[in-house]
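Coordinate-derived values only; no laboratory data. Quick caveat: nothing in here was measured; it's all calculated off a predicted structure. Every residue, glycine as well, gets a Cβ built from its backbone with ideal geometry; the counts of neighbours run over all protein chains shown.
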Amino acid sequence: MSTTTPTRSTRSELRSVAGLADGLRPAVMRLARRLRQVRADGLELTASQLSAMGTLARADDQPIGTLAAAERVAAPSMTRVVNALQERGLVVRTPDPTDRRQSLVSLTTSGRELLLLNRRRRSEWLAQRIAELDPDDREVLRRAVGILERINAA
């Protein structure tokens, strides 16, 4: 069963595109923040480190510049992130076979396992919250997944 229902004034505000954006933005941000707070026991990684690991999980063996661009940060910032992950044994650098001046960054086995454990914990937390919703609300969320993916791809 849904625990929060928008008030009438909120419902009318959500009818305009700007109102919908104003209502959706903080809700999505709060959910993202809550999901970031759900972590594997003992996991002391920053959001930037976890995000970089997620990017590497999707496409390993990236130069730092490419990883920085994917994460939308400056290369020196990504270098610090990678250095911290490398010190913990979560990523490894190997020489770039096409450009010896660069190195490629990839997840180690322990980095990949830690990332998967963290994702599993977050999915479990979210699944518990979704299970508490009524079937109609779950159907709305099923449809929203594709919509949100399209917004993210824009």
Looking at Leu107, Leu56, can you tell me which residue is under 25 Å from Ala153 (Cβ atoms) and touching an Asp or Glu at 6+ places or on another chain (Cβ under 7 Å)?
Leu107
Residues being among the β-branched types (Val, Ile, Thr), surrounded by 14 or more Cβ atoms within 10 Å (Cβ to Cβ) and either in contact with a Lys or Arg (Cβ under 8 Å, 6 or more places away or on another chain) or more than 26 Å from Pro97 (Cα to Cα) (or both) - total across the range 39-82
1
Filtering the range 120-139 down to residues that are outside any helix (DSSP H, G or I) and charged (D, E, K, R), which residue is surrounded by the most Cβ atoms within 10 Å (Cβ to Cβ)?
Glu132
Taking first residues from the range 11-34 that are farther than 22 Å from Ser51 by Cα and second residues anywhere that are part of a helix (DSSP H, G or I) and hydroxyl-bearing (Ser, Thr, Tyr), the pairs with Cβ under 7 Å that are 6 or more apart or on different chains are Gly23/Thr10
